[in-house]
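In what follows, a single structure is set out as structure tokens and then discussed.
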Amino acid sequence: MPAWLTLPPPVPQVEFDKLEADIEGLTVQSEALNGEMQALAMAGAEAGDIEAVALRLAEVAAQMEAKETRWLELAELGGV
């Protein structure tokens, strides 16, 4: 069989499972941080407190985006 017809090796299911668990955990964190930010805003908290939560939320969103991108890359390789 010509080399260009060979398929890439299958992606380990373990990596998919870890990515899915990580994404789920990050989603929970994101929801909690959104709730915390809303509660702080409604309570009239100082801007610095709200900003700290917003920065953490941005970090979580960046991590989630990286993991979702990796999940999609693996899916395109035929792992799903």
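A short reminder: the numbers here are calculations on the coordinates, not readings from a lab. In this text the structure is predicted, and so the values were computed from the model without any measurement. Cβ: placed from backbone, ideal geometry, glycine included. Neighbour counts: every protein chain shown.
Between GLN38 and LEU72, the simple label model (points 7 Å from Cα in the Cβ direction) yields a spacing of 2.7 nm. For a test of the definition: using alpha carbon positions, the gyration tensor, and the 1.5 limit on a/c, classify the stretch 13-74 as rounded, prolate or oblate. The shape class here is prolate. Fewest-first ordering of VAL28, VAL14 by other beta carbons within 10 Å of each residue's beta carbon gives VAL14, VAL28.
Could you grab the relative contact order for the stretch 13-74? Cα pairs under 8 Å, six or more apart, rounded to a whole percent. The partial results should precede the final answer.
Working: 31 pairs, mean separation 31.9, N = 62.
Relative contact order for the stretch 13-74 comes out at 52 percent.
Once you list every other residue whose beta carbon is under 11 Å from the beta carbon of ASP22, what net charge do they have if Lys and Arg are +1 and Asp and Glu are -1? Don't skip to the end; give the middle numbers.
Numbers: positive: LYS18, LYS67, ARG70; negative: GLU15, ASP17, GLU20, GLU24, GLU68.
In short, -2.
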